[in-house]
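Take a look at the structure below.
Each value in this text was obtained by applying a stated rule to the coordinates, not by laboratory testing. Because the structure is predicted, anything quoted here is derived from the model rather than measured. Because the Cβ atoms are built from the backbone with ideal geometry, glycine has one as well, and the counts that use them run over all protein chains shown.
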Amino acid sequence: MQYSLVTQWHLDAPIERVWDALVASEEWPKWWHFVKKVVEIKKGDAQGLGSVRRFIWTSRLPYRLYFEVRVKVLEKPHWIEGIASGDLNGTGSWKLDDLGDSTRVTYVWLVSTEKAWMNLLAPILAPVFTWNHDQVMQEGGKGMARHLGVSLLDFQGSRSRRSECI
């Protein structure tokens, strides 16, 4: 099953601080509740382009996801894109918009699930999987805000944006 999920965070922080927190994904488990582990597999160039990290995620639902992400695009401080492979396959992209003293972060996650049970149950549970994704992403926005010592001014999840299951 394929998913097209879009999330927005509006953080009361300058773009450089948000960028620094996003590119330091090995630090995510310290502030993002559902990120259990991030391991660097490959270093990449001096900026991190081409790096590969293995992620272990949990969620509000009782399952874990394991996948690796290879950084394909790094355009400081506005764009990060990665290619995921493992329990989820596809692309994830972070777009940062400088709003002066605050930053809008848009995350687009275009992935297919590879776990047989998820694909079998997707016709029934796709809305639950989307809700779960929103819960994970909302927790990420709150966690980043705490980490940066700022406010999460707004959160918009996939369900409010009519994400699609393809």
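Within the shell defined by Cβ-Cβ distances under 15 Å, the residues around Lys36 carry a net charge of +1, with Lys and Arg each +1 and Asp and Glu each -1.
With the charge dipole of the chain set up from +1 on Lys and Arg Cβ and -1 on Asp and Glu Cβ about the Cα centre, the Cα lying farthest toward the positive end among the listed residues Val6, Thr58, Gln156 is that of Thr58. Sites listed here are chymotrypsin sites (Phe, Trp or Tyr not before Pro) in the stretch 1-68 whose DSSP assignment is loop and whose Cβ has at most 10 other Cβ atoms within 10 Å, and the list is empty.
Under a model in which nothing but the beta-carbon of Lys, Arg (+1) and Asp, Glu (-1) is charged, the chain shows a dipole of about 500 debye around its Cα centre. Please work out the Cα center distance from the stretch 130-149 to the stretch 34-76, rounded to the nearest Å. Taking the Cα centre of the stretch 34-76 as reference, the centre of the stretch 130-149 is 16 Å away.
The helix-based estimate of mean residue ellipticity at 222 nm for the chain, built from -39,500 (n - 2.57) per DSSP H run of four or more residues and divided by its residue count, is -9000 deg cm²/dmol to the nearest 500. A Gaussian network model of the chain, with springs between Cα atoms under 10 Å, assigns the largest mean-square fluctuation among Glu68, Glu139, Glu27 to Glu27.
A simple spin-label model places pseudo-atoms 7 Å from Cα toward Cβ; at Asp154 and Asn89 they are separated by 3.7 nm. Projected label points at Glu114 and Val39, each 7 Å from Cα along the beta carbon direction, are separated by 1.5 nanometres.
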